[in-house]
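S.K.: Below: one structure in structure tokens.
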């Protein structure tokens with residue numbers, strides 16, 4: 001092999017090949033991790049083997065009762081595709097998710113309770129467990145004045161809220177205007 005060919009292989013071809021393998025692993029390795037996550041995901045399992053737990057099924061999302069729950073009627077609206085963050089949803093999935101959340105809230109307010117808490121959490125710093133699932137979902141919790149959750153939690157809610165400082169306002173204004 002002449003020197004020019006050997007030089008080309010060592011300087012151009014081998015580094016390019018390493019980069020190519022890096023990107024293949026990045027793309028397909030992440031798919032492998034997503035498949036592994038779906039295999040251990042209780043929400044994905046519901047769609048595969050526990051469909052009787054589904055209250056409502058749409059094209060992109062489904063609704064089920066939370067188990068464990070905080071109160072009767074505690075609902076979860078869950079995308080069928082395994083994602084962890086809102087930003088990972090496709091536009092059609094995001095629209096349907098929020099449309100179904102609105103529909104579910106209206107049903108709760110009409111049939112179940114006079115109030116409703118809606119929440120979604122992204123906490124990658126907590127490992128998946130019985131109370132935390134690494135699959136995006138939105139909680140809808142029927143609420144009433146002085147319900148059981150209120151009675152149990154109000155003793156801890158003293159001095160939780162603080163006045164907004166100018167420094168905090170300036171910090172977040174900068175974050176959201178960049």
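Just so it is clear, none of the values below were taken in a lab; they were calculated from the coordinates. Nothing here was measured: the structure is a model prediction, and the numbers come from that model. Heads up, the Cβs are rebuilt from the backbone with ideal geometry, glycines too, and the neighbour counts pull from every protein chain shown.
S.K.: With the contact rule set at Cα under 8 Å and sequence spacing of 6 or more, what percent relative contact order holds for the range 58-156?
M.R.: 34 percent
S.K.: Order by neighbour count: 54, 112, 100, 77, fewest other Cβ atoms within 10 Å first, most last.
M.R.: The fewest-first ordering by Cβ neighbours comes to 54, 112, 100, 77.
S.K.: If I model a spin label as a point 7 Å beyond the Cα along the Cα-Cβ vector, how far apart are those points for residue 157 and residue 145 in nm?
M.R.: 1.4 nm
S.K.: Please arrange 62, 125, 169 by counting, for each residue, the other beta carbons lying within 10 Å of its beta carbon, fewest first.
M.R.: 125, 169, 62
S.K.: Order these by the 10 Å Cβ neighbour count, fewest first: 86, 131.
M.R.: So the ranking, lowest neighbour count to highest, is 131, 86.
S.K.: Pop the C-beta distance of residue 65 and residue 165 into the FRET formula with R0 = 35 Å and round what comes out to the nearest 0.05.
M.R.: Calculated transfer efficiency: 0.30.
S.K.: Kirkwood hydrodynamic radius (Cα pairs, Å) of the range 58-156?
M.R.: Taking the inverse mean of 1/r over all distinct Cα pairs, the range 58-156 comes out at 14.4 Å.
S.K.: Work out, step by step, the length gained on full extension between residue 54 and residue 130: first 0.36 nm times the residue separation, then minus their alpha carbon distance; give nm to one decimal.
M.R.: 25.5 nm
S.K.: Give me the extension gain from residue 178 to residue 121: residue separation times 0.36 nm, minus the current Cα-Cα distance, reported in nm with one decimal.
M.R.: Gain on extension, residue 178 to residue 121, equals 18.1 nm.
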